[in-house]
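Visitor: My questions all concern the structure below.
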Amino acid sequence: MKILPSASFFARQNNSICRFINRVLYHCQIGDNTIIPKSIYLGHDGVGTIIGEGVKIGENVTIYPNVTIGKGNIKNMKITDDYPNIGNNVTICPGSILIGKIKIGDNVTIGPGSIVDKDIPDDCTFYKNIIVKHEQKSNSNKDK
């Protein structure tokens, strides 16, 4: 099946219209090339949230309002891999900023107002500039 140029034109226009409406109503901006699964949750309709062009987001991610996720190198405005890669089961609290080519592991919580510019391993909580590792609970019975 051949796609007519006019159909492609209308698809691009609809995408632009939807992005404009989203930006006006919710002040939320999500880049065209952002990889977002269906299981993402944007708290309060993503008010004030900005997600850059090349961001990759895993499953079951919760992003609260006023979060910025974007490129760290602003000198080169081309789409590159200078964007964050967010793992599965991540919670990003309000006012957080994630910048640069960083990897956020699975089962991570990023506290409110945090500025993240370094990798965060799996099973951690990041608040301000401190990483707290969650210890695995043991199910074995210990001798008393």
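The values are calculated or read from the model by the stated rules, or taken from the named source; none is laboratory data. Quick caveat, the model's predicted, so the values are computed rather than measured. Cβ sites come from the backbone with ideal geometry, for glycine too, and all protein chains shown count toward neighbours.
Visitor: Quick one: which of N15, N22 is at pLDDT below 80, out of contact with any strand residue (DSSP E or B) (no Cβ under 9 Å at 6 or more places or on another chain) and either assigned to a helix (DSSP H, G or I) or under 23 Å from V108 (Cα atoms) (or both)? Please lay out each step first, then the result.
Guide: Values: N22 fails: out of contact with any strand residue (DSSP E or B) (no Cβ under 9 Å at 6 or more places or on another chain).
Testing whether each residue is at pLDDT below 80, out of contact with any strand residue (DSSP E or B) (no Cβ under 9 Å at 6 or more places or on another chain) and either assigned to a helix (DSSP H, G or I) or under 23 Å from V108 (Cα atoms) (or both) leaves just N15.
Visitor: Now, a different point. The conditions are (1) over 19 Å from V116 (Cα atoms); (2) of a type in the set (F, W, Y); (3) at pLDDT 70 or above, and F9 fails exactly one of them. Which is it?
Guide: (3)
Visitor: Contact list please: Cβ distance under 7 Å, first residue in region 94-107 and modelled with pLDDT of 95 or more and surrounded by fewer than 16 Cβ atoms within 10 Å (Cβ to Cβ), second residue part of a strand (DSSP E or B) and of a type outside the set (V, I, T), pairs at least six apart or on different chains.
Guide: Every condition considered, the pairs that remain are K103/N85.
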